[in-house]
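Undergrad: Just passing along the structure, written as structure tokens.
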Amino acid sequence: MSVAPEVELLQWRVMATVPDGSFHFVGRNAATYCGRVSSAIVEFDARTGQGRTLSGRLYRLVGDSGFAGVAEYVWSIYCARNDIEGFIDVTDLYQLEVRQ
């Protein structure tokens, strides 16, 4: 299995876990259309729409934020497997700046 160093996300959102407060990209992988959840976000550039995660992977947010059922499903599995007590949708904090 190969590991992609960069991932483009469609229909993306950002979730903050409770109580630890880590932030995660949740969306649809543009290459496979499968749901995707990132490790914790460590940096984000709203001008370019790119963020790096704890794993070192670079995520590119493509287009507007949105809802993807398959991404929500993968997020629910991630939460169950990692004993996430709750989460907050913080997507509004990650909206992209207007690009010229």
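Undergrad: I need the per residue convex hull volume for the stretch 6-94, using only the alpha carbons, in cubic angstrom as a whole number.
TA: 86 Å³
Undergrad: Also: Based only on the alpha carbon positions, what is the Kirkwood hydrodynamic radius of the stretch 53-100, in angstrom? Could you put the intermediate results ahead of the total?
TA: On the way: mean 1/r = 0.0757 Å⁻¹.
About 13.2 Å for the stretch 53-100.
Undergrad: Another question about this same structure. Given R₀ = 25 Å, what would the calculated FRET efficiency be for Leu96 paired with Asp20, taking r from the Cβ atoms and rounding to 0.05?
TA: The value I calculate is 0.45.
Undergrad: Where nothing but the Cβ of Lys and Arg (+1) and of Asp and Glu (-1) is charged, how large is the charge dipole of the chain around its Cα centre, in debye to the nearest 20?
TA: Working: 9 positive and 12 negative charges, 68 e Å.
Magnitude of the dipole: close to 320 debye.
Undergrad: Using helices alone, what [θ] at 222 nm do you get for the chain, with -39,500 (n - 2.57) per DSSP H run of 4 or more residues, divided over all residues and rounded to the nearest 500?
TA: Taken over the chain, the calculation gives -4000 deg cm²/dmol.
Undergrad: Could you list which residues have their amide H under 5 Å from that of Val42, counting only those 5 or more apart in sequence or on another chain, with H placed in the peptide plane?
TA: Distant-sequence amide H within range of Val42: Arg52, Thr53, Leu54.
Undergrad: In addition: For Arg47 and Asn82 in the same chain, what is the full-extension length gain: residue separation times 0.36 nm, less their Cα-Cα distance, in nm?
TA: Once the chain is fully extended between Arg47 and Asn82, it gains 9.5 nm.
FYI, it's all coordinate maths here, none of it is from the lab. Note that this is a predicted model, so its numbers are computed, not measured. Note that each Cβ is placed from the backbone with ideal geometry, even for glycine, and that neighbours are counted across all protein chains shown.
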